[in-house]
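J.: This is the structure I have questions about; it appears just below.
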Amino acid sequence: MSSLANNYNRRKIAFKKGKGSFLYSTNGKKYLDFVQGIAVNSLGHSNSYLIRAINKQSKKVWHVSNAFIIPEGEKLAKRLTQKTFAHKVIFQNSGTEATEAAIKVARRYFYSIGKPKKNRILCIKNSFHGRTIAAIFASGSKKMTEGFGPKAGGFDHFEFGNLKSLKKSINKNTAAILIETSMGENGIKVHTNNFLRIVRKICNKKNILLILDEVQCGIGRSGKFFAFEYSNIKPDIVPIAKGIGGGFPIGAVLINKKTSSAMIPGTHGSTFGGNPLAMSVGNAVLDQILKKSFLKNVQKNSKYFHSELKKIQIQHPNIIKEVRGVGLLIGLQLHKDQTKFIKKLEDNKLLTIRAAENVIRILPPLNVKKAEIDMAIKIIRKVFKDYK
Ligand SMILES: Cc1ncc(COP(=O)(O)O)c(C=O)c1O
């Protein structure tokens with residue numbers, strides 16, 4: 001009997017090693033892993049470049065406090081600001097912490113300009129930003145908040161994609177609108193570029209900050225470094241995590257010049273966030289993702305993957321409702337519960353994971369090979385063909 005708490009519904013499968021897109025189970029089976037720790041292992045398992053980087057750093061220094069200068073973190077922050085809208089970076093350990101830090105930055109900004117009452121965060125109803133108390137109430141989902149009262153205040157909600165509902169929910173105390181650029185857990189739902197542009201305009205007009213959660217869709221997963229680049233807008237604050245660590249726990253919040261002025265010493269901190277080991281891995285991940293051809297390949301491969309899945313959907317319109325997503329954040333929405341199909345895919349040695357709205361989530365590593373996509377397509381085609 002496991003001594004681990006029952007807060008996960010674990011599949012009865014364990015792995016002894018992984019390499020690239022593949023995982024090898026303890027009972028001798030080889031799986032094509034299109035979960036990759038839920039969009040975490042951006043460069044697949046046991047990437048030799050990342051192994052070299054972590055080994056090298058592990059022989060120098062693992063951890064020092066943020067009370068000292070950490071050159072590896074200075075370097076990673078500099079690269080992130082040079083590449084993006086951001087002026088400053090605060091490192092964390094996870095996506096939830098990054099989202100919480102984003103909320104803190106927004107509130108602290110208005111406090112610092114003498115508007116402490118402008119502190120409400122407007123979020124999408126039933127969205128997902130993590131599991132801490134603030135993050136679950138930011139989501140507002142009954143499933144996540146039930147039993148965890150008292151309610152953390154300061155969050156308002158609007159309906160996904162509904163501008164009318166968004167406009168109605170804004171009031172004079174709205175400090176920020178928090179949106180996941182392309183929603184992962186919620187069923188791979190992609191906002192239209194137009195919607196994001198209009199939200200940016202509303203924020204400008206009403207002096208509201210725009211926080212775009214790129215924890216899952218960021219760092220190349222969408223085919224661009226950030227998913228919001230498709231809409232040509234600039235957010236004010238962006239939490240990231242998952243892909244930037246390639247499997248090592250890293251979170252960060254990227255903040256623009258305006259809001260960074262509010263984060264003076266003592267306003268935020270983390271014991272582990274930004275330690276030399278994590279930062280060396282983060283830099284090594286960027287070395288790969290920022291290579292000229294890398295994102296072009298993600299776009300090319302994802303275009304191919306989407307079009308092959310679309311063909312399967314056309315063959316099985318009574319089972320598959322829609323092919324969703326952007327880049328290598330892919331969802332197959334079924335007309336009914338997807339659990340059985342995920343199990344069948346697993347039986348055929350393809351690992352996928354659920355998302356809301358009956359979606360099978362497909363998350364290959366960003367450096368997936370075309371031949372591996374073909375393997376997955378073959379398995380998916382077989383599973384839907386065999387379905388009676
Ligand atoms: C969009 C988004 N935000 C926040 C989080 C929370 O990240 P973590 O589980 O690393 O705390 C997740 C995790 O899935 C996520 O997808």
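The values are calculated or read from the model by the stated rules, or taken from the named source; none is laboratory data. Keep in mind that what you see is a predicted model, and the values were worked out from it rather than measured. Please note: Cβ atoms are built from the backbone with ideal geometry, for glycine as well, and neighbour counts cover all protein chains shown. Just the protein is used for accessible areas: all its heavy atoms, side chains included, with ligands, DNA and RNA removed. Shrake-Rupley method; radii C 1.70, N 1.55, O 1.52, S 1.80 Å.
J.: Restricting the first residue to region 350-363 and requiring it to be in contact (Cβ under 8 Å) with a residue 40 or more places away in the chain and among the aliphatic types (A, V, I, L, M), which pairs with a second residue that is part of a loop (DSSP other than H, G, I, E, B) and open to solvent by 10 Å² or more (accessible area, probe 1.4 Å) meet a Cβ separation below 6 Å and a spacing of at least six or different chains?
T.: L351/V35; I353/V35; A355/E185; A356/N186; L363/V35
J.: Kindly establish whether E72 is open to solvent by less than 60 Å² (accessible area, probe 1.4 Å) and within 16 Å of the ligand (Cβ to nearest atom).
T.: Judged against the criteria, E72 is not a match.
J.: OK, next. Only one of (1) open to solvent by 70 Å² or more (accessible area, probe 1.4 Å); (2) in contact with an Asp or Glu (Cβ under 6 Å, 6 or more places away or on another chain) fails for Q333. Which number is that?
T.: (1)
J.: For region 91-133, give me each residue that is crowded, with 18+ Cβ neighbours inside 10 Å, in a helix (DSSP H, G or I) and within 16 Å of the ligand (Cβ to nearest atom).
T.: Residues satisfying the conditions are G95, T96, E97, A98, T99, E100, A101, A102, I103, K104, V105, A106.
J.: Can you name the helices (runs of 4 or more DSSP H) wholly within region 247-349 that have at least 2 residues being closer than 22 Å to Q82 by Cα? Explain how you work it out, then say what you get.
T.: Working: elements: 257-260, 276-289, 294-315, 339-347.
In region 247-349, the matching helices (runs of 4 or more DSSP H) lie at 257-260, 276-289, 294-315.
Listed here are the residues, each with its yes/no results for (1) surrounded by 24 or more Cβ atoms within 10 Å (Cβ to Cβ); (2) within 12 Å of the ligand (Cβ to nearest atom); (3) basic (K, R); (4) on the phi > 0 side of the Ramachandran plot.
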{"site": "K172", "(1), (2), (3), (4)": "no, no, yes, no"}
{"site": "E180", "(1), (2), (3), (4)": "yes, yes, no, no"}
{"site": "V190", "(1), (2), (3), (4)": "no, no, no, no"}
{"site": "F195", "(1), (2), (3), (4)": "no, no, no, no"}
{"site": "C203", "(1), (2), (3), (4)": "no, no, no, no"}
{"site": "G220", "(1), (2), (3), (4)": "yes, no, no, yes"}
{"site": "A227", "(1), (2), (3), (4)": "yes, yes, no, no"}
{"site": "S231", "(1), (2), (3), (4)": "no, no, no, no"}
{"site": "I237", "(1), (2), (3), (4)": "yes, no, no, no"}
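J.: On the basis of being surrounded by 14 or more Cβ atoms within 10 Å (Cβ to Cβ) and assigned to a strand (DSSP E or B), does L166 make the cut?
T.: no
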